[in-house]
Every structure is written in structure tokens, then in C-alpha cells.
């Protein structure tokens, strides 16, 4: 097997694992540092983020972008190990992994950039549709589509491949 493929697979797996370790540490930090937040309205959200440090939230979100990119790379590497008759299944897995990366990364990037910039500028008009904490927001639906459907389908097709 090509040494570049092996090294890429190794490092993408290490990055996937490391990203989830950082994510877990971040959530412990969030739990220690801030009270639990339950969505009620935009005003409560603004009050919460203004009164609680957001470092661990942004750290977790950033590393989910890192995870999604590393996962896609890992799925591409696993394609290289797939037998010829099952390559189509691995290609389908890669297609779903790309969809997962696009949706998940877009979601977290919006949280890190646009939402934060809008809050800092005190521009709250329509912001509720882009806040991750709002369970009925558009962007949370996009994220759930990525994590539940496309990541699930990708891992299932990787298994079959």
C-alpha cells in the first residue's frame, strides 16, 4: 500500500480522535464554567452569552470543523483499502461524507463567525434562526441533517464497503 495513503489515514484518525477529546474537554469546561442554558428567547440567549465566557463553546465548535474534515479524509483513505467489487459502496460513503462536511462545517462556521459578529454588533434581527441553542432554528436543522443522516449513511456505507 502507498505510504502516503497509510500516513494520511493514520493522521486523519489521530486528528478525529483528538478533535473528540478536545470536544469532551470543552463540554466539561462549559459545564464547570457556565450554568446550563435552555432556549426560551433571543433576549435570554444574549444575556447568557454576555454573562458567561464563550471560550469552550468556540473551542468545541472549531474542533467539530476539524473533525469533519479529518473524517472526510479518513473515509477517502478507507476507499483505497476497499476491494474492487465493493469500491462503489466506498464511493457512496465518500459522497455522504462530503455532504456531512459541508453541512456540519457550514453550521459551526456560522456559529463562530456570523452569530458572534451579529451579537457583537447588537444586530439581533432574525438571529434566532441561526443560533445553535434554538432547537427550531434553521441552522440547527442543517446541523442535525449532517450529523444524523449524512454521517450515519457515510459510516454505514463504509462498513458495507
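Residue pairs whose Cβ atoms lie under 6 Å apart, separated by 6 or more positions or on different chains, with the first residue in region 125-154 and touching a residue at least 40 places away in the same chain (Cβ under 8 Å) and on the phi > 0 side of the Ramachandran plot and the second part of a helix (DSSP H, G or I) and buried (at least 17 other Cβ atoms within 10 Å of the Cβ), do not occur. When you look at residue 73, is it crowded, with 16+ Cβ neighbours inside 10 Å and modelled with pLDDT under 95, yes or no? So residue 73 does not fit the description; no. Out of all the residues in region 141-161, which are farther than 16 Å from residue 94 by Cα and in contact with a helix residue (DSSP H, G or I) (Cβ under 8 Å, 6 or more places away or on another chain)? Those that are farther than 16 Å from residue 94 by Cα and in contact with a helix residue (DSSP H, G or I) (Cβ under 8 Å, 6 or more places away or on another chain): 142, 143, 145. When we screen 82, 40, 8 for residues that are within 21 Å of the chain's Cα centre (by Cα) and either over 23 Å from residue 145 (Cβ atoms) or part of a helix (DSSP H, G or I) (or both), the only hit is 8. Being free of Cβ contacts under 8 Å to residues at least 60 places away in the same chain, in a helix (DSSP H, G or I) and farther than 30 Å from residue 161 by Cα holds for only one residue in 49, 15, 65, 30, and it is 30.
Kindly indicate whether any position in region 47-69 is more than 22 Å from residue 113 (Cβ to Cβ), surrounded by 12 or more Cβ atoms within 10 Å (Cβ to Cβ) and modelled with pLDDT of 95 or more. No, the conditions are met nowhere in region 47-69.
The values are calculated or read from the model by the stated rules, or taken from the named source; none is laboratory data. Here the structure is a predicted model, which means the values were calculated and not measured. Note that each Cβ is placed from the backbone with ideal geometry, even for glycine, and that neighbours are counted across all protein chains shown.
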